[in-house]
Each structure stands twice: as C-alpha cells, then as structure tokens.
Amino acid sequence: MLESREITKVFGRKTAVDHISLKLEPGYIYAMLGPNGSGKTTWMKMAAGLIKPASGEMYYAGRPLDVNSRRDIAYMSTEPYFYNWMTAADVGKYYQDFFEDFSMEKYHRLLSDMELTGDLKTRSLSSGMMAKLKIAVTMARDARVIMLDEPLNGIDLLARDQIMKSIVEAVSPDRILLISSHLVEELETVADYAVFIKQSHLIEVRGLEELRASEGISVVDRYRRIYANAGGENE
Amino acid sequence: MTMKYNASVPIYLQVVDSIREKIVTGKMSPGEKLPSGRDLALMYTINPNTAARVYQTLEQQKLLFTKRGLGSFVTEDQERVIALREEMAQELLRDFLEGLDRLGISREDAIEMIKLPAPAAKGQKDTD
C-alpha cells in the first residue's frame, strides 16, 4: 500500500501539493486526473522518493518511504531521461544495472509488442516511439508500484492502443498502478478509480463503475463538473 | 476490438450485453471456451477487475459455467439460450415502446408503423 498523509510541497511561493492524504491499494489501476499544473507530477515525485515533502509524510507498505522503497517503486516521468547516444538496447542495460527487478527478457518482449527494435537510436525516435520506449523500460521492472506520468501525451492512436494493452497486462493483485493524465477519456475504461486533483488539493477518489452505477455518469462527466468553473466549486 | 461505451451504464454491463448477443446470434457456440479474464480485458480494453465481474455476472445468469483450472465456457443448455433470446427481445421491445411513448405515438399507430416497410436509414448514427 502507498499512502500520503497530509503531504505538502512548496516551490517558492507556489504550493504545488497542499495537504493531500491519499491511500492506494494493490490490485487496482488509479487514474490521477486534473489539468496541467494541478499537482499530479509533484505528488508522484514525492511518492517515488525523488523529492521531499515540505510537511506530511509518504508511507509505503506501512512504513515511512525510504531509499529502500525505491526498489519496489517504478516511476516514469514526463521528462526525457536517456542519453541521446543510447540505443533502445543500451537503455535496457542501463536499467538492468540500476534495478534488480528489471527483466531483460520482458523488456525485449515489450519492445517487440511496441514494434520497436533494440538498435534504434533514442535521438532518432519520434515522440510516439519515445513514449513507447519509456513505457517498455518502466514496465520491464517487476515493481510493486508502477507510476506513469502522462504516458499518453503526444502519441498517435496505434501507439496509444499498445500502451493501454501493456497497462492492462501489468495489472496484478500485488501491484499498484497509478497513471496520470489530463486526457480523461483515455483512461475511462481501464481505471478502477479516478483520483481528482484540483489546484494542489485532492478533491475525491471515485470508483468508475460505482460512478456509472450510482449516478449514471462517466468519469468525463464527473471531470467536467469538478473542473468546469475553475475554482468555483467546493466539494 | 474497439467498443464504444455508453457513458451512463457500468462498463461491465455493456460487455455482458455484447457477449449475450454473441451467444444468442451463435457467434459463440454452446460449450465454446471463452477467453481468460485477462484476454477479455485486452480484447475490450477494460480493466481486468471489470472483466472478472463480466464473467461473474454471466455465470450468475447461467450463460456460462466455469471448470476449475480450465476456464469459462458458454452454456450448453439450449433452452437457456432460447430464454435469453426472449429476454433480449423483451428488452428491445421495452426500449422501443418507451421511445415511442416519449414521442407521443399511440400503441395503435406504432403497430401500423411496424407493418409498413422500414424507411431507408439516413446514414449511420452512434447509439449514444
């Protein structure tokens, strides 16, 4: 289980994450939703142990998050993070050196599922190919927590299908999947829960099927209600 | 398979309906093995937990049965399939009559309309 308790992060004069308490359970896909700049990336980076909260604390498996937790947590950031001389195969070796749970076999299977080959140079990749490479190398880890920050940004329909497929395949009773997106409808059918973040605050966590069954609305409808009048709605 | 989902109905029920239709129309045969829950999730791009719920629901409706360790299979009970066709026809009829009621068309007029040849469809329209 991954949990934040009253976690807050301030950058200069801007509070990026404001007292967010959120608990994620294994076995589920969570869609973290909200416009750009609402605090999704900052929360994920704190959960990945990459930045420290100003106050509040992250917990993983019932204990405060520490360097050891990183072994269990895979985080795919939006920033490019490969050296541009690397080939896709080099990226795999680089990851293998860093992470004990990295499987080269799985990496190559994912590359081929994504129609990529090991000899491709990262600097020559289109944005869609780069998005797929980042997914493949992240998902090749047998991590207990997988967090993907905006995996569907700037990609075409076919790449999207392949990425969605790899996300569905990664679901396991002992794994937490957290996917952020400002493209709400993309995650509509695959997520179990939607985590709505607005202006650095957590608004609510809703089960997507429960939303349809109890209110007869989709996550897109709910999203519109929460964000339509920026700052206007208090819930 | 890309399925267009209605926004107001739980996704598991929409997939249940899609499979019910395949059983009634014979696209799935009695005794046929169904894909695993994970493969169903991939086919419909749905969450695996939703896929499990689809099979639970179909099993409760006695439209499929599970053999431990072997997977799920379409019912071999022909009478159940015939009853399913009747249920689905009733659902369509109910929706149809409700739609005509909303338009203020009387039952008598509706019956006359059914007897007339169907007008040509004006292009394809999404069902919601």
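Collect the residues in segment A:179-199 that are within 14 Å of chain B (Cβ to nearest Cβ) and either aliphatic (A, V, I, L, M) or in contact (Cβ under 8 Å) with a residue 24 or more places away in the chain (or both), keeping them in residue-number order.
Correct list: A:I179, A:V184, A:E185, A:E186, A:L187, A:E188, A:V190, A:A191, A:D192, A:Y193, A:A194.
When segment B:59-90 is examined, which residues are found to be out of contact with any Lys or Arg (no Cβ under 6 Å at 6 or more places or on another chain) and basic (K, R)?
B:K67, B:R68, B:R85
Each row is one residue, and each column tells you yes or no for (1) in a helix (DSSP H, G or I); (2) closer than 20 Å to A:W43 by Cα; (3) touching a Lys or Arg at 6+ places or on another chain (Cβ under 7 Å).
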residue: A:L110; (1), (2), (3): yes, no, no
residue: A:E115; (1), (2), (3): no, no, no
residue: A:G118; (1), (2), (3): no, no, no
residue: A:A131; (1), (2), (3): yes, no, no
residue: A:V137; (1), (2), (3): yes, no, no
residue: A:P151; (1), (2), (3): no, yes, no
residue: A:I155; (1), (2), (3): no, no, no
residue: A:A159; (1), (2), (3): yes, no, yes
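May I ask you to verify whether A:A143 is small (G, A, S) and closer than 17 Å to A:A31 by Cα?
Against the criterion (small (G, A, S) and closer than 17 Å to A:A31 by Cα), A:A143 does not qualify.
All but one of (1) in a loop (DSSP other than H, G, I, E, B); (2) closer than 30 Å to A:G27 by Cα hold for B:A118, so report the exception by its number.
(2)
Could you check segment B:1-108 for helices (runs of 4 or more DSSP H) lying wholly inside it with 3 or more residues that are within 14 Å of another protein chain (Cβ to nearest Cβ)?
B:11-24, B:37-44, B:48-60
Within segment A:79-94, which residues are surrounded by fewer than 16 Cβ atoms within 10 Å (Cβ to Cβ) and part of a loop (DSSP other than H, G, I, E, B)?
Matches in segment A:79-94: A:E79, A:P80, A:Y81, A:Y83, A:N84, A:W85.
Which one of these does A:L125 not meet: (1) without any contact (Cβ under 8 Å) to a residue 24 or more places away in the chain; (2) closer than 18 Å to A:S166 by Cα; (3) surrounded by 18 or more Cβ atoms within 10 Å (Cβ to Cβ)?
Of the numbered conditions (1) without any contact (Cβ under 8 Å) to a residue 24 or more places away in the chain; (2) closer than 18 Å to A:S166 by Cα; (3) surrounded by 18 or more Cβ atoms within 10 Å (Cβ to Cβ), the odd one out for A:L125 is (2).
Kindly list the number of the only condition in (1) under 24 Å from B:N47 (Cα atoms); (2) β-branched (V, I, T); (3) more than 18 Å from the chain's Cα centre (by Cα) that fails for A:I167.
Answer for A:I167: the failing condition is (3).
I'd like to check something: does segment A:200-207 contain any residue that is within 11 Å of chain B (Cβ to nearest Cβ), among the charged types (D, E, K, R) and either assigned to a loop (DSSP other than H, G, I, E, B) or surrounded by 13 or more Cβ atoms within 10 Å (Cβ to Cβ) (or both)?
No, segment A:200-207 has no match at all.
Please pick out the residue among A:D161, A:D156, A:D142, A:D149 that is charged (D, E, K, R), away from every other protein chain (no Cβ under 14 Å) and free of Cβ contacts under 8 Å to residues at least 40 places away in the same chain.
The conditions single out A:D156.
Taking the options A:E100, A:E57, A:E105, A:E115, name whichever one is loosely packed, with under 13 Cβ neighbours inside 10 Å and over 20 Å from A:V168 (Cα atoms).
Criteria check complete, one pass: A:E100.
Would you call B:A51 in contact with a Gly (Cβ under 6 Å, 6 or more places away or on another chain), within 30 Å of A:Y30 (Cβ to Cβ) and assigned by TED's automatic domain parsing to the domain that holds B:R20?
So B:A51 passes the test.
Going through A:S214, A:S172 one at a time, which residue ends up being among the polar types (S, T, N, Q), out of contact with any Leu (no Cβ under 6 Å at 6 or more places or on another chain) and part of a loop (DSSP other than H, G, I, E, B)?
After ruling out the rest, the residue left standing is A:S172.
Quick one: is A:V195 touching a Lys or Arg at 6+ places or on another chain (Cβ under 9 Å), buried (at least 20 other Cβ atoms within 10 Å of the Cβ), among the aliphatic types (A, V, I, L, M) and assigned to a helix (DSSP H, G or I)?
no
Please verify whether segment A:50-66 includes one or more residues that are closer than 19 Å to A:I203 by Cα and in a loop (DSSP other than H, G, I, E, B).
No, there is no match, as no residue in segment A:50-66 is closer than 19 Å to A:I203 by Cα and in a loop (DSSP other than H, G, I, E, B).
When you go through (1) farther than 30 Å from A:I20 by Cα; (2) out of contact with any Lys or Arg (no Cβ under 9 Å at 6 or more places or on another chain) one by one for A:L65, which number turns out not to apply?
For A:L65, the exception is condition (1).
Given the criterion under 30 Å from A:T8 (Cα atoms) and at pLDDT below 95, identify the matching residue among A:E186, A:E115.
Testing whether each residue is under 30 Å from A:T8 (Cα atoms) and at pLDDT below 95 leaves just A:E186.
The values are calculated or read from the model by the stated rules, or taken from the named source; none is laboratory data. Everything quoted here is computed from the prediction, not taken from an experiment. All Cβ positions, even for glycine, are placed from backbone atoms using ideal geometry, and neighbour counts span all protein chains on display.
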